[in-house]
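S.K.: Structure incoming, see below.
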Amino acid sequence: MKQFAPAAMIALALASLWPVSGFPGPNHFAELQAIYDHETDPVHRANDLAKLEPDQFAAIRDKLSAGDEVEALQELEHFRDEVTSTITALQPFAPKAESHPDGFKNLQIALREALRELDGIITGLDVDKRPWFRAVRSDLQDSQNVLIDALFPQKPGKTPNKNPSPGDPK
């Protein structure tokens, strides 16, 4: 019987530790939610919420697939409330967001993805259910705008661009 080389033994040991599936387990959402709930640093909370967003919307889609629009809306409102409280906690860091974007940038990207996901969800709803979901979407859009303003503040002495015509010199 051949003996394995030490490198092969190490590779075999590491392969046995590799997860069987590349998909998160059933408790992934609960684990991420617990991490977010127990985090006290606003920047870390923003990053944790950004990681939580895909699972949050997967839960919303699951509830809609099961025909439970009320539960889905409550889940969406819960996400909106988490976003709002996280952005409020980030406000003391807003003056430094342009030079230290961690948290702000990740949450803004997650919100952009959430809004795109929510647009798809809304178009699949019955017309009479859309206004409640649109109201939450509007709140999330406002939150994303707050993050964008923090990340890209207007420079002192510059006036905002007033929609120049394509032929106007710059």
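S.K.: Please specify each residue of the range 70-104 satisfying the condition of being modelled with pLDDT under 95, of a type outside the set (A, V, I, L, M), farther than 23 Å from His38 by Cβ and in contact with a helix residue (DSSP H, G or I) (Cβ under 7 Å, 6 or more places away or on another chain).
M.R.: Within the range 70-104, Glu98, Pro101 qualify.
S.K.: Under 6 Å between Cβ atoms, which residue pairs at least 6 apart in sequence (or on different chains) link something in the range 102-119 that is over 13 Å from Val146 (Cα atoms) with a partner that is assigned to a helix (DSSP H, G or I) and charged (D, E, K, R)?
M.R.: That search, which allows pairs on different chains as well, returns Ala110/Glu53; Ala114/Glu53; Leu118/Arg137.
S.K.: Right, here's the next one. Search the range 116-125 for residues being in contact with a helix residue (DSSP H, G or I) (Cβ under 8 Å, 6 or more places away or on another chain) and loosely packed, with under 15 Cβ neighbours inside 10 Å, and hand back the single one that is nearest to Phe57 (Cα to Cα).
M.R.: Asp119
S.K.: Could you tell me which residue of the range 85-106 is farthest from Leu140 (Cα to Cα), considering only residues that are assigned to a helix (DSSP H, G or I) and of a type in the set (A, V, I, L, M)?
M.R.: Ala94
The values are calculated or read from the model by the stated rules, or taken from the named source; none is laboratory data. Nothing here was measured: the structure is a model prediction, and the numbers come from that model. We place every Cβ from the backbone using ideal geometry, glycine too, and count neighbours over all the protein chains shown.
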